Structure formats: C-alpha cells, structure tokens
Amino acid sequence: MKFGAVPLKDALGATAVHSIRQDGLVLKKGTLIGPVEIAALEAAGIKEVVVARLEAGDVAEDIAAAEIAQAVAGEGVQVDRAFTGRANLFAQTAGVLVLDKDAIDRLNRVDEAITFATLPAFKPVVAGEMIATVKIIPFAVRGRARDAALAGLTKPLLRVAPYRVRKVGVVSTVLPGLAGKVIEKTLKITAKRLAPAGATIVAERRVPHDREAVARALDEVLKAGAELAIVFGASAIADRRDVIPAALESIGGRVEHFGMPVDPGNLLMIGDAGGRSVLGAPGCARSPKENGFDWVLMRLLAGLPVQREDITGLGVGGLLMEIVTRPQPRDEPLTASRSIAAVVLAAGRSSRMGGPNKLLAEIGGRPLVRIVAEAALASQARPVVVVTGHERERVETALAGLSVSFVHNPHYAEGLGTSLRAGIAAVPAQADGVVVCLGDMPQIDAALIDRLIAAIDPDKGALVAVPTIDGKRGNPVVWSRRFFADLMVVEGDVGARYLIGRYGEAVVEVPATGTGALTDIDTPEALAALRAELEKT
C-alpha cells in the first residue's frame, strides 16, 4: 500500500487518510477520492492531500475484516457488516462467552495490521450485546498476511454458550443469631442472579446447620427437580470435612473442589450429586455485588463444566475488591482505646406526630433529644455532634449547657440521609469511627453504647456493631471509619440499613435487653405509652 502526501492531480482513486475541514469543506477520513472530491478540494484552496492507495496483492480493510470475522465466529455469534475496517460481532442469544484465548493470541501475532478484541472469557452476555471486534489497522492489509490469518483459523475462536439450567434448588442452614430476614434477602438476591439466565428457584429448604439435616434437604431439592443446588451456610465452609461437604458426600455426591483464588469468593465449594452440580456458597454470595460465586454460577447455568483447573486459573484478576474486614494501612496504629465519635440525628420534622416536634416532647421533665444526648455524653464516645434541622433554635435550646457541638442540615426536608451526611462530615479526622444515634430513642443508655464500641475489633473483622433483640437488629449503630465514604452517599429516609446487608461479613451483633434498641417515637400514641412506662418507674 502506498501512503503519503500527493498533489491533488495524483489523488484520484486514492483514499483520504485524514479528515479535512476547511472553508465549508468536510471530507471524512476513509473517503474514496473521485472527481467531485478533487473539485471540492481545489475550491477550498487545498493543494495536496495525504492518501493511501492499494497496490497489487493488497486486500481492502473491509474485505479483510469481514473475512476474518466470519472465520472466528462460532455458535450464537452474529457478524455485522464491515465498515471502516471494522467488523463487530454480537451475541445472538443470552449466555456465557466462550473463547479460545491461545488461538486469539496467535491471530493477533500474525501481523500488526490485524487485530481481534473480545470481552473477557466466560462473561455473561445478553442477546444483541457486542462481544468482539475485528479491526484492520491500515486501509489495507497485505494479501499474504490475510491468508496467514485465515489459515490459522481452523475452527471458530468464540461462541456463546446459551443458558441451559432452568431449575435451581436452594438450601439455607440456620444457627442462633441468624435472622430470618437475612435468608429472605439472600433468596431475593439469588433469584435476581438467576433471572438473566431464565432460571428460577424451584425448591427451597431451611434446616439446622448439621450434616444430616443438610443431607436430607439436598436430597429433597434434587428430587424436586433442581438441576443445580446451592447451599448457603449460616457458618462458612472451613474445611472439606465441614458440615456442607460432609452432607454432600453422605448422599453419594462428591466434592470436586473447595476454595477459589478469587476475593471475595474464597470459600466456595463445587461438587456433584448424580450428575447435577452442587455449590457451597461463600458468604459473599449473599451480596448483590459481583464476586467469584457469580463467575462459577453463570458457567454452570450455561451447562459448561467447571473443573479444578478452571477454578485454579482464576487467580489473575481474581482480586475483585477490597475486603472490608481486613485491616488497612494507617498513618498511625490504632490504640487499645479507639476514638469513637457520636452523632445524634435531631433534624427531622416529626411529620407523623401531627404537628409537635417529638424531639422536644418531655419525659420526666427532659426533652427526648436531651435524654439521648446525655446518654451519648455519659458513654465513651467523644465528641458528641448533634445534627439540627427543623426548629433548629428550639432543639439547641433544649440541649443548652451540654458539651455537644452542633451542625445544621439545611436540607433536612429531603430525608434522613442528608442529616447522616452532615453528621459524618462533622466527625473529626482523628476519630476511628462513629456511633449514630437517633434523637427519638430515649431508652438507649450509655452502657449499650459502650458495649457497641467495645465490640469493634478491626483485627477480627468486626467493623460495624449493631444491637439485636431476639434476632432483630436495631439502633444505635457503630461504624468504623472504613465506611464513612459509603455513609456520605446515603440518600432518602431509609438510612444506612442497606449497608449493613451489603457488608454483612463486617457486622458484629451485640445482644441487648428490653425493647429500647428497637423503639423509636413516631406517633403521639407511642409517645404517650413510653411516657407512662418510664414515668411510672
């Protein structure tokens, strides 16, 4: 191929290498220059142009791209018409992308003019999604390079394996302290994971965390027609001899591999029971975030075998995200007594009270918000920051004389999330964490706050402390600084509840007595009942 600048008279029949914009003329790169283009260029005062011209033995870019794209495309792949030296390939159906990496590497080494790029191997794709592209870099490629590329393509290099498994069974084990809502949320997340593959949960069991119970449940969901079974353990699998692997073997199944070089997802077990796959899910599988569990699950749903070498080959690129329960480098090491601040949220409008500001309602002669602030001050938490909003001056007056600092949230009407963000932003930089207290929970005392603070232990992965009563999670919650960035983007009125579910592996539950950790004051009736109860004592 000839390439370079030529006088206009020599440009006829050549291809414009660069786009030209001058005096109203727009000549796009790749345009074949004919008499009309020559006249337009002359009128624009252009004397020469950079062109490419094919020589004997050259193959035009679109022809070469189309031929190579057709040769690499396998089952479930559609090739689009080549244009500007590029031929794009698309998935014809939903499934998992299967590639021959070694052959793709060989193709890309044939000649620098020929390139082939794809999505990652085993990526789940949907119908119509672009999955690869063949691009010829110059305007033409030497015929012998094109021929060498095609000669090496004895079989297709990529295909889309359609989803085949439609029926999934789920077994969840239960231990004291595991709330039923955790299992419910896990099932919802799992159903969403399965939906793109057209698969559904056809059988579900919840059983104690012991070998015999799990074995019976596995047998039941498989007999119910499940083509794939997933076991979510209340306790993570720690060894091949643990409850879930032992249960699989007791029904005649076998553990094919335990452990995976993907984080999150290390503690995954893959096994077989009568020709049907059984997955022992790692804890991260309860989260909707992508993790190693997804990588294996989607392959199995497409009917692709997942063998030991497939699992062990996932290490490069297998560090998907920082694991929040692991220590991070700090400028200074944490001291034995960690610095935890307190934020009291006192900005709400009390809309369900029908008018009065509940935070100013008195019990035993003290406003609710003062009771909460005094409890925070009696604890180890320092400093104590109060977020104001609605009736700011009256709330500050109710807290007169207390060693608290105030931060005003002018956007309080937009929801609790805005107050939480204002409070977190006001926490001193040296604080290792924060306990977030609600201004309408007067039964929270300093002792509970201190127990929550004491439960934080980064070395053991305990980064969020939540009080529980009969398995129900309440308030206040202590958050390590690791989560401040997440707290700063919370929106609406639901608060940070969803973060506790997202980072379940970092949460430590602290048993509480009574009902105070679950009781906030939202209605006049609730206020009257609590006032009667507390003032009676």
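The values are calculated or read from the model by the stated rules, or taken from the named source; none is laboratory data. This one's a predicted model, so the numbers in the text were calculated from it and none came from an experiment. Every residue, glycine as well, gets a Cβ built from its backbone with ideal geometry; the counts of neighbours run over all protein chains shown. Remember, those area values only see protein heavy atoms, side chains included, never the ligands or the DNA or RNA. Shrake-Rupley method; radii C 1.70, N 1.55, O 1.52, S 1.80 Å.
Quick one: length gained pulling V316 to E396 fully straight, 0.36 nm per residue minus the C-alpha distance?
Values: separation 80, 0.36 × 80 = 28.80 nm, distance 5.56 nm.
Here the answer is 23.2 nm.
Think of each Lys and Arg Cβ as +1 and each Asp and Glu Cβ as -1; about the Cα centre, that makes the dipole of region 405-468 roughly 100 debye. Shape summary of the chain, radius of gyration then Dmax from alpha carbon positions: 32.3, 105 Å. Considering all C-alpha pairs of region 1-138, those separated by over 24 Å amount to 44%. Between the helical axis of 446-455 and the longest alpha-carbon principal axis of the chain there is an angle of about 40 degrees.
Shown is the FRET efficiency for T154 and A117, computed with R0 = 25 Å from the Cβ-Cβ distance and rounded to the nearest 0.05: 0.75. Taking all protein chains as shown and a probe of 1.4 angstrom, T118 keeps an accessible surface of around 50 Å².
Taking the Cα centre of the chain as origin and assigning +1 to Lys and Arg Cβ atoms and -1 to Asp and Glu Cβ atoms, the resulting dipole is close to 560 debye.
What does the highest-first list of 136-149, 510-523, 290-303 look like by mean Cβ count within 10 Å?
On the way: 136-149: 19.1, 510-523: 17.0, 290-303: 22.3.
Result, highest mean first: 290-303, 136-149, 510-523.
Leaving out ligands, DNA and RNA, and with a 1.4 Å probe, what % of the accessible surface on the chain is carbon or sulfur?
Values: 13290 of 25410 Å².
Looking at the chain in its full context, I get 52 percent from C and S.
Summed over qualifying helices (DSSP H, 4 residues or more, each -39500 (n - 2.57)) and divided by its residue number, the chain shows a 222 nm mean residue ellipticity of -8000 deg cm²/dmol. With both residues required to sit in region 388-482, DSSP beta bridges show an antiparallel share near 80%.
Under a model in which nothing but the beta-carbon of Lys, Arg (+1) and Asp, Glu (-1) is charged, region 184-282 shows a dipole of about 260 debye around its Cα centre.
The alpha-carbon atoms of region 225-321, seen along their principal axes, cover 36, 29, 24 angstrom, with the largest extent given first.
The base-10 log of I(q)/I(0) for region 71-219, evaluated at q = 0.11 Å⁻¹, reads -0.60 [Debye formula, identical scatterers on Cα atoms, solvent excluded].
Legend: translational diffusion of region 143-229 by Stokes-Einstein, Rh = Kirkwood radius over C-alpha pairs, 4 °C, 1.567 mPa s; D = 81 µm²/s. Greater than 29 Å separation of Cα atoms is the criterion. Which listed pairs, K135/K155; K192/K460; K192/K472; K123/K472, meet it? Checking Cα-Cα distances, K192/K460; K123/K472 exceed 29 Å.
State the extension gain, in nm to one decimal, for the chain segment bounded by D10 and R497, taking 0.36 nm per residue of separation less the distance between their alpha-carbons. It would help to have the intermediate numbers written out before the result.
Details: separation 487, 0.36 × 487 = 175.32 nm, distance 7.15 nm.
Extra length from D10 to R497 when fully extended: 168.2 nm.
Take the Cβ atoms of T515 and K192, set R0 to 35 Å, and the FRET efficiency comes out at 0.55.
Tally the DSSP beta bridges in the chain and give the antiparallel ones as a percent, rounded to 5. It would help to have the intermediate numbers written out before the result.
Values: 56 of 97 bridges.
Approximately 60 percent, going by the DSSP bridge assignments.
The residues of the chain present an accessible area of 47 Å² per residue when probed at 1.4 Å with all protein chains retained.
Its alpha carbons considered, region 422-537 gives a radius of gyration followed by a Dmax of 14.9, 45 Å. With the highest mean first, a sort of the peptides 231-242, 27-38 on other beta-carbon atoms found within 10 angstrom per residue produces 231-242, 27-38. When the charge dipole of region 41-128 is built from unit charges on Cβ atoms (+1 for Lys and Arg, -1 for Asp and Glu) and taken about the Cα centre, the candidate among Q78, A127, I114 whose Cα reaches farthest toward its positive end is A127.
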